Structures are given as structure tokens and as C-alpha cells.
Amino acid sequence: MLPSERDQVSRLLATARQVAESLDLPTVLTSIVEDATTLLGADSGDILLWDRSANVLRVVAMANFEPDMLGFELPFGEGVSTQAIQAQRTIQVDAYGTYEHRALDLDRYDFGAVLCAPLIFRGEAIGTINVHARADQRSFPADAADLLGAFAAHAAIAIDHARRFENEVRLGRDLATSNRDLSRSLAVQQQLAEQVLQDAGPAGI
């Protein structure tokens, strides 16, 4: 049974405020997956981002996993996350141990029900958020998919904000470097012009 609608809304609003106020992406994503795991009554959860250049899914945030799970990579094509990204919709698996697309490297966790929602921003799926139940739990409540989808939307926005900020910082650095180079170039040109005006000739230059 899920928490009351009021509790769900309160938690989602709190998450939305954190997304809007913080650019510390690891902290925000960890908070999102922890909240989702708690509200959905799951035993664990994670957020994976799709690294297109390496064609892998990488765990960037987690709840109730051992530390070595962070950074875990899964080849794109394996697991329910790939299916959710390709379908761009939330997918529920009732018995992950017998799921035809399961990631064999995750068998050690003995998952039961798994709910996976894609992180979609501007029509592009960039990753997923997953919550997992123990092996003897074979389903989540009917409205769990919508709730996880709301957390997925927050995660996608947080990632976009962080990437925009990184791009702005990088652009600022590039502009500062260009301005320094331009200033040096103008200074040299001014010195040359002064030498010419003083009729110093080639030797002066």
C-alpha cells in the first residue's frame, strides 16, 4: 500500500524544491531515488544514465545498495532499463529472476518485482530510475507507475539543470581565455603601432 496522496504530493514538492535549488547532482539524484524507494515501499532503487559514447548504462545514484553498486555499468541492450528507454514508458517486471531481458550480473540481488521508468527530457530518454522488491514480492500497487514516473521527471530536470550549468561554466572559462588572448594581442598591436608612430623603424619594433 502506498502512502496517502497528501504524503506523496508533499514528498514530490520537496523533491521539486531540491531540484530547483541545488546543482549538486549526485546529492539530488540520491535524494530522488531514496524518496522513490521509500514512497513505493521498495527494498532498493537506483538511477542509471545512458552513456551513448560507450553504449552502457551506468548507475549514478542508488538507495539501499552496497557502495560498489555506484558506477556499475551494464551494456545497453541488457536489463529492463534498456527496454524502458526504447519504449519510453514505465515497465513493471513481476519476477525479475525469470525476466527474458534481465541482466545476469544482477542475479546476485535476487530481485522480485522491479519497476522501471525512463528519464525523458525534450523527447529523449537519457536514463532510468528503478525500484526493486525482494524476491517474494511480485508486484507494486497499481498507481506506483505514475508515482515513479513523477520522480523520473524530477531526475531528468535535475540532470538537465546540472548539464546546463556545466556548459555555462565551460563557456565562461572559454570566453575568459579568449578575452585574455585578445587583450594580449591588442596590447602587442598597440605597442607596435606606437613604435611605428615614433618612427622607430624595424629596429624599434
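Evaluated against (1) modelled with pLDDT under 95; (2) open to solvent by 40 Å² or more (accessible area, probe 1.4 Å); (3) not small (Gly, Ala, Ser), Gln8 falls short on exactly one condition, (2).
Could you list, in sequence order, all residues of the stretch 22-53 that are aliphatic (A, V, I, L, M) and more than 16 Å from the chain's Cα centre (by Cα)?
As a first pass, look at the stretch 22-53 and keep what is aliphatic (A, V, I, L, M): 23, 25, 28-29, 32-33, 36, 39-40, 42, 47-49.
Answer for the stretch 22-53, where residues must be aliphatic (A, V, I, L, M) and more than 16 Å from the chain's Cα centre (by Cα): Leu39, Leu40, Ala42.
Within the stretch 132-146, identify whether any single residue is touching a Gly at 6+ places or on another chain (Cβ under 9 Å), at pLDDT 90 or above and part of a strand (DSSP E or B), and answer yes or no. Yes.
Residues in the stretch 36-45 that are open to solvent by less than 30 Å² (accessible area, probe 1.4 Å) and either within 16 Å of Ile159 (Cβ to Cβ) or free of Cβ contacts under 8 Å to residues at least 60 places away in the same chain (or both): Ala36 only. One residue stands out among those in the stretch 62-83 that are in a strand (DSSP E or B) and closer than 15 Å to Val131 by Cα: the one that is nearest to the chain's Cα centre (by Cα), which is Met62. The residues in the stretch 85-131 that are assigned to a loop (DSSP other than H, G, I, E, B), over 25 Å from Arg163 (Cα atoms) and in contact (Cβ under 8 Å) with a residue 40 or more places away in the chain can be counted, and the count is 2.
In summary, Leu48 fulfils each of the numbered conditions (1) out of contact with any Gly (no Cβ under 8 Å at 6 or more places or on another chain); (2) open to solvent by less than 30 Å² (accessible area, probe 1.4 Å); (3) touching a residue at least 60 places away in the same chain (Cβ under 8 Å) with the single exception of condition (1). Looking at (1) out of contact with any Phe, Trp or Tyr (no Cβ under 8 Å at 6 or more places or on another chain); (2) surrounded by 15 or more Cβ atoms within 10 Å (Cβ to Cβ); (3) at pLDDT below 90; (4) not aliphatic (A, V, I, L, M), which is the only condition Thr15 fails? Here Thr15 clears every test but (1). Taken over the stretch 51-66, the criterion of being open to solvent by 40 Å² or more (accessible area, probe 1.4 Å), of a type outside the set (D, E, K, R) and farther than 23 Å from Arg163 by Cα is satisfied by Asn64 alone. Picking from residues in the stretch 67-88 that are of a type in the set (D, E, K, R) and either closer than 19 Å to Ser44 by Cα or touching a helix residue (DSSP H, G or I) at 6+ places or on another chain (Cβ under 6 Å) (or both), the one that is surrounded by the most Cβ atoms within 10 Å (Cβ to Cβ) is Glu73.
The values are calculated or read from the model by the stated rules, or taken from the named source; none is laboratory data. Since the model is a prediction, treat every value here as computed from it, not as a measurement. Positions of Cβ are backbone-derived with ideal geometry, glycine not excepted, and every protein chain shown enters the neighbour counts. SASA here: full protein model, heavy atoms, side chains in, ligands and nucleic acids out. Shrake-Rupley method; radii C 1.70, N 1.55, O 1.52, S 1.80 Å.
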